[in-house]
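Structure, as structure tokens:
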Amino acid sequence: MNIYVFKTSIEPRDIKSVNELLRTLIPNCKWNYDLEDCDNILRVESRKNIAKLISFHLGMDGFYCEELE
């Protein structure tokens, strides 16, 4: 299992819409947020490499999303 960590512009008010997007994109994965962190962290656990997929689709929805390495 891989864990991907993203710096984002997601705010608490965005959680519902982002969760819907993630359920559609990666239905069998787990994710969580640390929005108290200054980087508004999104962590995703997946067997597949989904980093570019998530960055692209969140970007298309108007969010900043950069994978942290």
What number, in percent, do you get for the relative contact order of the chain if the mean sequence gap of Cα pairs under 8 Å and at least 6 apart is divided by its residue count? 49 percent
Expressed as a whole percentage, what fraction of the accessible surface of the chain belongs to carbon and sulfur atoms when a 1.4 Å probe is rolled over the protein heavy atoms? 48 percent
Please give the per residue accessible area of the chain, computed with a probe of 1.4 Å over protein heavy atoms only, in Å². 68 Å²
Of the candidate values (1) 18.2; (2) 17.3; (3) 11.8, the one computed for Kirkwood radius over Cα pairs in Å from this structure is (3)
Considering only protein heavy atoms, what is the solvent-accessible area of V5 at a probe of 1.4 Å, reported in Å² to the nearest 10? 40 Å²
DSSP-loop trypsin sites (Lys or Arg not before Pro) across the chain, with at most 11 other Cβ within 10 angstrom: R47, K48
Which whole-Hz ³J(HN,Hα) couplings does the range 17-23 yield from phi under the Karplus relation 6.51 cos²θ - 1.76 cosθ + 1.60, θ = phi - 60°, glycine and proline marked x? 5, 5, 4, 4, 4, 5, 4
Stretch K48-E66 to full length: gain in nm at 0.36 nm per residue minus the Cα-Cα span? 4.7 nm
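The values are calculated or read from the model by the stated rules, or taken from the named source; none is laboratory data. Keep in mind that this is a model prediction, so the values were computed, not measured. Here the Cβ is made from the backbone with ideal geometry for all residues, glycine too, and neighbour counts use every protein chain on show. Accessible surface areas use protein heavy atoms only, side chains included; no ligands, DNA or RNA. Shrake-Rupley method; radii C 1.70, N 1.55, O 1.52, S 1.80 Å.
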